[in-house]
């Protein structure tokens, strides 16, 4: 993947988030503050705008700028969380004009670590991490087993989707949903859902 | 004098904390960073950064937050100003604001105020 491709994928992610904005907000309404879709769409609209002005051969730059745009415009927890993840991925890919699958996986891992640190969170708390961590694990295993790019990304999507289903079965102990306590059971996590959407777009494009 | 920034998802809530604390400590520098630029609910990186800059002096600034993204966004603002004397405090925002700004008014240092504020959440009202 080069810079042109990454910009293209981010633009498609922005379009997807805009398209799913109402659905994401709806998911956030029983267990959160009904703003996930609106916030994410606002953030990615700014990312879209920034991408148009971006002229770089550095994939790390693109991701870092994406993260900064999200931090300053999202306005909810997904701002600092996704923002930190993209910025960490950007740092991991700094100076690279092309990104290989192992490099992507390394950057993805750095992004996840960033989210864990920012949110003082881990898996099993009904957050985006419940889709991200299984996706990363599945992708690492598939890449090691087959070395096939498409299969690797497809395995990540399947694991992330399963992760979203898993969030329906557990009680939220982080974020606004933790105030809802055990009444959060039965509802899927909006952050895990938006992440899975992003990965689905990426998997179609690689 | 130590300055204060109050971060909330709600613009009015943050502004009201400034008003309430200002009743007893009108001399203490305070700034509100509530809601998004357009006044809707959320936390704004730029509003927080500007609020810190507005009340900043070499005596330092303490930031009190409500919850969730207020805390995480503030954390990112502070990471962006590593040379500044500014810290987040983990305490209830209203009670902490009143206690902290009164402390600042009588000239306590940032460290002394922090240690006072750490007790604020432990005091029972009933």
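The values are calculated or read from the model by the stated rules, or taken from the named source; none is laboratory data. On a predicted model such as this, the values are computed, not experimentally measured, just so you know. Here the Cβ positions follow ideal geometry from the backbone for every residue, glycine too, while neighbour counts run over all protein chains shown.
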* Test result for residue A:67, out of contact with any strand residue (DSSP E or B) (no Cβ under 7 Å at 6 or more places or on another chain) and modelled with pLDDT under 95 -> no
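If you check B:21, B:33, B:51, which single one turns out to be touching a residue at least 24 places away in the same chain (Cβ under 8 Å), within 14 Å of chain A (Cβ to nearest Cβ) and in contact with a strand residue (DSSP E or B) (Cβ under 7 Å, 6 or more places away or on another chain)?
B:33
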* Asked: Hey, any hits in region A:147-169 for a residue that's free of Cβ contacts under 8 Å to residues at least 12 places away in the same chain and closer than 25 Å to residue A:70 by Cβ?
  -> no
* Structure fact -> Matching residues in region A:171-201 (over 21 Å from the mean Cα position of the chain (by Cα), more than 14 Å from chain B (Cβ to nearest Cβ) and part of a helix (DSSP H, G or I)) number 4
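Please tell me if residue A:138 is at negative phi and either more than 14 Å from chain B (Cβ to nearest Cβ) or part of a helix (DSSP H, G or I) (or both).
yes
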* To do: Any residue in region A:38-51 that's within 16 Å of residue B:38 (Cα to Cα): show its pairings with residues that are not in a helix (DSSP H, G or I) at Cβ separation under 6 Å, as long as the two are six or more apart or on different chains.
  => A:39/A:74; A:39/A:75; A:39/A:76; A:43/A:74
